[in-house]
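Peer 1: Right, I'll just put the structure down here and ask away after.
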Amino acid sequence: MSIRTLRIGLIPGDGIGKEVIPAGRRVLEALPAYLNLKFDFVDLKAGFETFEQTGAALPDRTVDVLKSDCDGALFGAVSSPTQAVKGYSSPIVALRKKLDLYANVRPVKTVMNAPKPIDMVIVRENTEDLYVKQEKTYDGPDGKVAEAIKRISDRASFRIASMAGDIALRRQKIRDSGASSIHRSPLVTITHKSNVLSQTDGLFREASKRALSDAKYSGVAVEEQIVDSMVYKLFRQPEDYDVIVAPNLYGDILSDGAAALVGSLGLVPSANVGEGFAIGEPCHGSAPDIMGKNIANPIATLRSAALMLEFLDEPAAAAKIYAAVDANLEEGKLLSPDLGGHATTDQVVEDILKRL
Ligand code: ATP
Ligand code: MG
């Protein structure tokens, strides 16, 4: 079998991003040879420190190299100044736009021996809704008024729902391969508020249903939930859910809320996904309070690397990383301080490397 070489951009960013991204690199490099995968890494800059040094939070070179030369990337974290700094805006938001990474994918999973086995994925549309940021403020007859545009398109809703369907099918395959202790059938839950917003959320609902009625998803059950009742059920019965698809704002809120179900931010991965390209990104920020101490939990990043591999069509390599991480957590001997342990970042990484 021929060896596939994936070219991966590494963007550590700020704070603990500089500690967890090298951990991601080490784990990718240590994947066993029988997977027939090789990695070519390229170091790229972005973030607040880059902004201070060069005047650009997202240098053109970073975008160019990712676009023309990479299959995927790992992104650490960037610190966001508490007060607006002139000329600075979030590089990851800009990257999502420039590379048309239209989906934000956030798996939420407990370790296998947890009392309630949660294993779901939230698929958030990432290009429109209120995030088109078309706001205005004006003087109304009774004082100031502010308005924002909520834009929903058939195309973006259709493609995000199709991605949710594809993810549901892939997760079933991974379960069928015996790599998961969870038994369930594939389900996509469409989340919206079309009882109030009949046109915008109505369109999201309609386009999502149409996408998921395709024959290739005939094995996937489809249901819908109004977003408020979704929140209630998500917290009462998280084990009922498999794949949840939502427009941008609801997806943002649901994915942070769901992350709270599984403990530390240091465990939760995400991926920003477009056509044939994926950026793995831990959900946490730059955590300035713990930077430089070698105690950051690397697991969110390692899971993000695995998630990136899933979208680059390497599910076996991804499963390998997930299993090594789960084994570390289940044994519970080498855990970082956010999980109540005493291990350093390096010790956690080395324990996981051994398990690969
Ligand atoms: P930013 O502005 O970059 O988002 P922040 O101050 O909001 O920074 P977060 O990174 O969002 O910090 O983290 C919130 C809290 O969770 C902090 O106390 C941080 O130490 C902790 N935390 C975040 N990520 C990790 C991690 N990987 N390992 C351990 N603790 C973490
Ligand atoms: Mg933060």
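Read the figures in this text as sums done on the coordinates, not as results from a lab. Computed from a prediction, not measured in an experiment: that's the story for all the values here. Using ideal geometry, Cβ is built from the backbone for each residue, glycine included, and neighbour counts are taken over all protein chains shown.
Peer 1: What does the charge count around Arg175 come to, taking other residues whose C-beta lies under 11 Å from its C-beta (Lys +1, Arg +1, Asp -1, Glu -1)?
Peer 2: Charge balance near Arg175 sits at +1.
Peer 1: Same structure, new question: Rg/Rh for the stretch 204-298 to two decimals, with Rh computed the Kirkwood way over all alpha-carbon pairs.
Peer 2: Rounded to two decimals, Rg/Rh equals 1.04.
Peer 1: Related question: What's the magnitude of the charge dipole for the chain around its Cα centre, counting Lys and Arg as +1 and Asp and Glu as -1 at the beta-carbon? Answer in Debye, nearest 20.
Peer 2: Dipole size: approximately 400 debye.
Peer 1: In whole Å and largest first, what semi-axes does the C-alpha gyration tensor of the stretch 272-339 yield when each eigenvalue is scaled by 5 and square-rooted?
Peer 2: After scaling each eigenvalue by five and taking roots: 24, 17, 6 Å.
Peer 1: Suppose we keep just the alpha-carbon trace of the stretch 103-263; what are its Rg and Dmax in angstrom?
Peer 2: 17.1, 64
Peer 1: In the stretch 157-181, which residues have a backbone nitrogen under 17 Å from the label point lying 7 Å from Met1's Cα in the Cα-to-Cβ direction?
Peer 2: 174, 177-179
Peer 1: Can you tell me the dipole magnitude for the stretch 207-342 around its Cα centre, using point charges on the Cβ only (Lys, Arg +1; Asp, Glu -1), in Debye to the nearest 20?
Peer 2: Rounded to the nearest 20 debye, it is 100 debye.
Peer 1: So what are the radius of gyration and Dmax for the Cα set of the chain, in Å?
Peer 2: 20.3, 72
Peer 1: Counting Lys and Arg as +1 and Asp and Glu as -1, what is the net charge of the other residues whose Cβ lies under 12 Å from the Cβ of Gly266?
Peer 2: Here the count lands on -1.
Peer 1: Antiparallel as a % of all DSSP beta bridges within the chain, to the nearest 5?
Peer 2: Around 45 percent of the beta bridges assigned by DSSP in the chain are antiparallel ones.
Peer 1: Let me ask something additional. In percent, what relative contact order does the chain have, based on Cα pairs under 8 Å that are 6 or more apart in sequence?
Peer 2: 21
Peer 1: Further question: Which residue, Lys216, Lys45, Lys144, tops the fluctuation ranking in a GNM of the chain built on C-alpha contacts under 10 Å?
Peer 2: The residue that fluctuates most here is Lys144.
Peer 1: On to the next question. Take the chain, connect every pair of alpha-carbon atoms lying under 10 Å apart with a spring to form a Gaussian network, then pick out the residue of Ile295, Ile244, Ile226 with the largest mean-square fluctuation.
Peer 2: Per the Cα network of the chain with a 10 Å cutoff, Ile226 tops the list.
Peer 1: At a threshold of 8 angstrom on Cα-Cα distance, excluding pairs fewer than six apart, so keeping six or more, what relative contact order does the stretch 12-80 reach in percent?
Peer 2: Relative CO of the stretch 12-80 lands at 49 percent.
Peer 1: Which residue, Leu254, Leu35, Leu44, has the most motion in a Gaussian network model of the chain that connects Cα atoms within less than 10 Å?
Peer 2: Leu35
Peer 1: State, as an integer percentage, the relative contact order of the stretch 59-152 based on alpha-carbon contacts under 8 Å between residues 6 or more apart.
Peer 2: 17
Peer 1: For the stretch 120-160 and the stretch 301-326, what is the centre-to-centre distance using only Cα atoms, to the nearest Å?
Peer 2: After rounding, the separation between the Cα centres reads 33 Å.
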